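Colleague: Take this structure, written in structure tokens, and hold onto it; I'll ask about it next.
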Amino acid sequence: MEVNFYGKNDELTGLGSGLADTTAGLRLKYEVTRQFVPYIGVEWSSKFGKTADYARAAGESKHETRFVADLSIRF
């Protein structure tokens, strides 16, 4: 889980002061071997306060769901 706070409003970057956004996710991995580990997952993110206002003004949603997949290879 990730939570971001900012000290001031910055319209140029679209970030508002205070609690700006959070991201939480779940991942499921399967260790085929110690060197080869694929995983899939889902992430949810939300924007709050002035950051959400900036996102809406730019035509973006304040809530987002992403599906992720990756592969970890160790040498």
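The numbers here are math on the coordinates, done by the rules we state, and not lab data. Just so you know, these numbers come straight off a predicted model, no measurement behind them. All Cβ positions, even for glycine, are placed from backbone atoms using ideal geometry, and neighbour counts span all protein chains on display.
Colleague: Mind sorting out which of (1) 1.02; (2) 1.60; (3) 1.46 is the real Cα Rg over 2.2 N^0.38 Å computed from the coordinates?
Modeller: This structure yields the entry labelled (3).
Colleague: Let me ask something else about it. Hey, what number do you get for the chain at 222 nm if only DSSP H runs of n ≥ 4 count, each worth -39500 (n - 2.57), divided across all residues, to the nearest 500? If you can, show how the numbers build up before the last one.
Modeller: Values: 1 runs with 9 residues, N = 75.
For the chain, the value works out to -3500 deg cm²/dmol.
Colleague: Then there's this: Treating only the Cβ atoms of Lys and Arg (+1) and Asp and Glu (-1) as charged, compute the dipole magnitude of the chain about its Cα centre; round to the nearest 20 debye. The partial results should precede the final answer.
Modeller: Details: 10 positive and 10 negative charges, 46 e Å.
It works out to roughly 220 debye.
Colleague: Turning to a different aspect of this structure: So what are the ³J(HN,Hα) numbers for the range 29-35, from phi and the Karplus equation (6.51, -1.76, 1.60; θ = phi - 60°), rounded to whole Hz, Gly and Pro as x?
Modeller: Using θ = phi - 60°, the values come out as 10, 10, 7, 5, 9, 5, 8 Hz.
Colleague: What's the exposure ranking of 30, 54, 6, going from fewest to most Cβ atoms within 10 Å? Spell out each step's value before the answer.
Modeller: On the way: 30 9, 54 21, 6 17.
In order of increasing Cβ crowding within 10 Å: 30, 6, 54.
Colleague: With 10 angstrom as the radius, rank 40, 73 by how many other C-beta atoms surround their C-beta, starting from the fewest.
Modeller: Values: 40 13, 73 9.
In order of increasing Cβ crowding within 10 Å: 73, 40.
Colleague: Further question on the same structure: Say a paramagnetic label sat at a point 7 Å from the Cα of residue 31, along Cα to Cβ; which residues of the range 61-75 have their backbone N under 17 Å from it?
Modeller: Of the residues in the range 61-75, 71-75 have backbone N under 17 Å from the label point off residue 31.
Colleague: How many lysine pairs are close in the range 2-73, with Cα atoms under 20 Å apart and the two 8 or more places apart or on different chains? Walk me through the numbers before you get to the answer.
Modeller: Details: 8/47; 8/50; 8/62; 47/62; 50/62.
Pairs that pass both the separation and distance tests number 5.
Colleague: Which is farthest toward the positive dipole end of the range 2-73 among 68, 17, 6, measuring Cα position about the Cα centre, with Cβ charges +1 (Lys, Arg) and -1 (Asp, Glu)?
Modeller: Sorting the options by dipole projection puts first 68.
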